[in-house]
Amino acid sequence: MSRAFVKESDDPSVEVPERQQSPHPNYVTPRGLAALQRQLAELEGSLAAMGMPNSGAVKDGELVDRQARAIVERDLRYVRERLRRAIPIDPATQPQDKVAFGALVETLDDADQQRRFEIVGEDEADPAIGRLSWVSPLALALTDAAVGDVVTWKRPAGDLDLEITGITYPHS
């Protein structure tokens, strides 16, 4: 029988796939923790603005509303879990002479190109602005290096040696 002639359920369930949590510890900088807390508040505000889900027969647009609500609820579960698993790292507790979580690292390559990277939590990583997840290959290569050390950045475009020229930690 064609689906065109089958009555739709009065209460269709909307399934939204869960966002997967990273298997790694959730180390966060103070800025990363604050960002997760802001995200939680925004999602809670969005959910409150949606109000209670309607019950009864499906009306025009209600399925879209249910899907939007399901997405917000899913994202709320994800962010709540990220916050529950958060391990705040105070930059002041890090070894100031070595690259570790939260470090701002300045490098110089063989072509005298300077780069600056910050080692951050997975949720605040943004390679376009130099924020590297602490589990990224480059961050792992930089970790434990000191000023004057040379590390190899293994890239798809070819390996690049980077000399560590500076290590600082932001004030918390």
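The numbers here are math on the coordinates, done by the rules we state, and not lab data. Just so you know, these numbers come straight off a predicted model, no measurement behind them. Cβ atoms come from the backbone with ideal geometry, glycine included; neighbour counts cover every protein chain shown.
Remarks
- Bridges between two residues of the range 114-172, per DSSP, are antiparallel at a rate of about 60%.
- Other residues lying with their Cβ under 13 Å from the Cβ of Arg31 contribute a combined charge of -3, Lys and Arg counting +1, Asp and Glu -1.
- In terms of other Cβ atoms within 10 Å, Thr29, Thr107 run from fewest to most in the order Thr107, Thr29.
- Net charge, Arg77 excluded, C-beta distance under 11 Å - Lys, Arg +1, Asp, Glu -1: +1
- For Arg131, the residues whose amide H sits under 5 Å from its own are Glu118, Asp126, ignoring neighbours fewer than 5 places away on the same chain, with H placed 1.01 Å from N.
- Residue exposure proxy: Trp153, Trp134, ordered by other Cβ atoms within 10 angstrom of their Cβ from fewest to most, comes out as Trp153, Trp134.
- Rounded to the nearest 20, the Cβ-based charge dipole of the range 91-168 about its Cα centre (Lys and Arg +1, Asp and Glu -1) stands at 100 debye.
- Ranked Phe117, Phe101, criterion: other C-beta atoms within 10 Å, fewest first: Phe101, Phe117
- Coupling constants for the range 150-161 follow from the phi torsions by the Karplus curve (6.51 cos²θ - 1.76 cosθ + 1.60, θ = phi - 60°), and in residue order they are 10, 10, 9, 8, 7, 10, x, 7, x, 5, 9, 7 Hz; glycine and proline get x.
- Cα-based radius of gyration of the range 91-168 once divided by 2.2 N^0.38 Å, which approximates compact folds: 1.00
- Each Cα pair under 8 Å and six or more residues apart adds its separation to the average, and for the range 91-168 the resulting relative contact order is 33 percent.
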